[in-house]
Amino acid sequence: MRTDSSVKPRVETDATHPFWHRDQPTTRAFRVDPDHAGLRAAFPGSWRQLVEVKALLDCYAMVDSGMRHSESDSRDSVRLEFARRVAGLLWAVADIERRADRPGLAETVADTAELFAMYAATGEWKPFVIEPPASGQPWFYCGRLSTWSPRSTSDPLSLLIVVPDDARQQVLSRADLAFDTMHAAAAQALGGPAELADEKPDMHVGQLVLAGGESAFGHKNFAHFFPLETPGASVLGTDFTVVFDNVFQERVSQCSLPLLRKVLGQDSGLAEHSPTALVDSLLVWFRGHDLGHFWRRGARVEDTGVREELGPFLGMALEETYADCHGLLAAAELVDHTTLGVAFCAEQIRYLSRRESDFADSVAATLELGWLARRGITVPSASGAWVAEALPALAELVRVLHATLWEGDRSGLDEIYAAISAGREAAARFESDLDCYPTDLSYVFA
C-alpha cells in the first residue's frame with residue numbers, strides 16, 4: 001500500500017482563507033435578485049426587515065472571524081448582542097406575515113426568533129426543527145449553518161431565502177420518477193443487489209433571493225444539506241437538499257464553461273451547447289450524486305477500518321468520487337450523452353482549478369481524471385462520446401471504492417493512489433490556462 005505524502009492529499013491547517021480556490025483566487029461578481037425584485041414579491045410587507053437581518057448576520061460573520069483571538073467573554077458578548085437584535089427583527093417579520101394571513105410562514109419565522117432570543121438569554125443554542133420547502137411558497141431559513149469551507153468563524157450563522165422554481169423542480173421530479181432506473185444502474189455498477197444505506201433524501205430547487213452571514217462570504221455553495229449542515233437541528237420529515245438554481249446556472253455559465261472553453265480552445269464547438277440544457281443535465285447528475293452517497297451492495301455488515309485509516313479528508317474525497325460516479329452512471333441512463341458529457345467536463349475542470357489540499361471534490365475530480373486516463377479515455381472533451389466509453393471504467397471504480405470504504409479491502413489502494421498521481425499529471429497540461437479565469441462567484445445584492 002502506497003502512503004507517501006506526494007500522492008496523498010495534504011490538509012491545510014490555516015483556516016483563515018475564505019476560499020477553496022488558489023492562493024490568489026479569481027471570482028466573478030453575481031448580482032443576486034437585482035433591486036430585490038424576487039424578495040419583495042415573496043415578502044412584500046417584510047422584505048426590508050429581512051434585509052436588515054442579512055446586514056446584521058453579515059456583520060456577525062465579519063466580527064466573529066476577526067475576533068477569533070479575542071477573549072472568550074468579549075466574543076460571547078458580541079454574539080449575544082447580535083442574536084438579540086436578530087431576534088427583534090424576526091419578531092417583526094413574523095408579526096407582518098401573520099397580519100398578511102400567512103400563518104405557516106409567520107410561525108416558522110417566530111420559532112426562529114425564539115431560537116435567537118433564547119440564545120441571547122442563555123448563550124446556548126437549543127435544539128430546533130427545520131421545515132422543508134413547500135410547493136408554491138418561499139422558503140426561509142435563519143440560523144446555524146456549517147459549510148465545507150475551512151472558515152475561521154467558530155459558530156457560523158446564515159440567512160437563506162429561496163423562492164420556488166417550478167420548471168427546474170420538474171427536472172428533478174422526472175429524475176425521481178425514474179428511481180427504478182437509477183437503482184438498476186447502481187446495482188449493475190456494484191455487481192449485486194443495491195440498497196440505500198439510509199432513507200432516500202428529498203431534493204428541492206429554487207431561486208436564491210437573499211443570503212446573509214456565512215453564506216454571503218467566501219466560497220459559494222449551490223446547495224445545502226439538511227440537517228447535515230445545521231448543528232443541533234432535526235428536520236420535519238425526510239432529510240432534504242436545497243439547490244439554488246440561479247447560483248448553479250450562473251456558476252456554470254460564468255465559471256465552468258469559460259474554463260472548459262479555455263482548455264479545449266475557442267473552436268471546440270462549446271458555443272453550440274445551451275447553458276440551460278447543461279444545467280438541466282447537471283441537476284440530474286447531482287440528484288444521482290446525492291443518492292450515490294447511500295448506495296451499498298447488499299445487506300452486509302460494513303467494515304470501515306480502511307476508511308478510518310485514510311482519515312477524514314481523504315475518506316471524504318473517496319466518498320465524493322463514489323457519489324460522482326454513481327451520479328454519472330445514473331444520469332447516463334436518463335439524459336443525452338452529448339449534453340451530459342460536456343456538462344460533467346465543465347464541472348470537473350472547475351473542481352480541478354481549485355486547491356486540491358482544501359477541497360475534497362478537487363481530489364475526486366483528480367482521481368476520476370487519472371482513473372480514466374489510465375484506461376485510455378481522455379477528458380475533458382467537447383464531445384459526449386467519451387461517456388459511453390467511460391461507463392465500464394466508472395463502474396469498476398465504484399466497486400473498488402465500495403470495497404475500500406465499506407468492506408475493509410485494502411487491495412485497491414495502490415490503484416487509487418496511482419490514479420490520483422495520473423490525474424495530477426493529466427491536469428498539468430492545462431494548469432496554466434486556469435490562472436486568470438474565475439472559479440466561483442462573489443455575491444452582490446440589490
For segment 427-446, the count of residues that are crowded, with 20+ Cβ neighbours inside 10 Å and assigned to a helix (DSSP H, G or I) equals 1
Count - residues of segment 185-206 that are touching a residue at least 60 places away in the same chain (Cβ under 8 Å) and assigned to a helix (DSSP H, G or I)
5
Going through segment 233-280 in order, the residues found to be assigned to a loop (DSSP other than H, G, I, E, B) and open to solvent by 50 Å² or more (accessible area, probe 1.4 Å) are L236, G237, D239, Q266, D267, S274
So which of C255, C345 is farther than 25 Å from Q188 by Cβ and assigned by the TED database to the domain that holds L397?
C255
V363 fails exactly one of (1) modelled with pLDDT under 95; (2) open to solvent by less than 10 Å² (accessible area, probe 1.4 Å), namely (1)
Of the residues L334, L328, which is more than 15 Å from the chain's Cα centre (by Cα), of a type in the set (A, V, I, L, M, F, W, C), modelled with pLDDT of 95 or more and in a helix (DSSP H, G or I)?
L328
Exactly one of D176, D180, D165 is open to solvent by 30 Å² or more (accessible area, probe 1.4 Å) and in contact (Cβ under 8 Å) with a residue 12 or more places away in the chain, and that residue is D176
Condition (residue is over 19 Å from I416 (Cα atoms), in contact with a helix residue (DSSP H, G or I) (Cβ under 7 Å, 6 or more places away or on another chain) and open to solvent by 10 Å² or more (accessible area, probe 1.4 Å)) applied to segment 341-348: is it met by at least one residue?
yes
Any chance you could count how many residues in segment 366-376 are open to solvent by less than 10 Å² (accessible area, probe 1.4 Å) and either more than 22 Å from the chain's Cα centre (by Cα) or not assigned by the TED database to the domain that holds I416 (or both)?
3
Segment 401-421, subset within 26 Å of the chain's Cα centre (by Cα) and open to solvent by 10 Å² or more (accessible area, probe 1.4 Å), residue nearest to G305 (Cα to Cα):
W406
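The values are calculated or read from the model by the stated rules, or taken from the named source; none is laboratory data. No experiment lies behind these values; they were computed from the predicted model shown. FYI the Cβ positions are ideal-geometry reconstructions off the backbone, even for glycines, and counts take in every protein chain you see. The area values use the complete protein model at the heavy-atom level, side chains included, leaving out ligands, DNA and RNA. Shrake-Rupley method; radii C 1.70, N 1.55, O 1.52, S 1.80 Å.
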